[in-house]
Amino acid sequence: MANPNHHWIEEPDFSVAEWDARGNIVEVLGRIHLYEMAVAAFDATTKMRPTSIIRLSRGARLLRERGSGPDSERTVGARG
């Protein structure tokens, strides 16, 4: 039987995740619908986990990345 409430389920556009140096996801920290909130979550996460690789992405597209060094943040793609 189909779920009659399927329209309540959202599909967030953006995700914030921690990655290891080998390119594997360690933990998905947030899935967020609004870009501005996703950037805020990314910024907060990079402060909370300064030695981790944190990436903000939209689907397979990488938007921002913060590596393990203090000057390693880069913006990869534009807001989508």
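The values are calculated or read from the model by the stated rules, or taken from the named source; none is laboratory data. Just so it is clear, the structure is predicted and the values come from calculations on it, not from any experiment. When we count neighbours, we look across all protein chains shown, and the Cβ atoms used for this are built from the backbone with ideal geometry, even at glycine.
Listed by first and then second residue, the pairs with beta-carbon distance under 6 Å, at least 6 apart or on different chains, first residue in segment 51-64 and within 16 Å of V26 (Cα to Cα), second of a type in the set (G, A, S) and part of a strand (DSSP E or B), are R55/A17; S57/S15.
Looking at (1) under 13 Å from the mean Cα position of the chain (by Cα); (2) modelled with pLDDT under 95, which is the one condition that is false for P50? All conditions are met except number (1).
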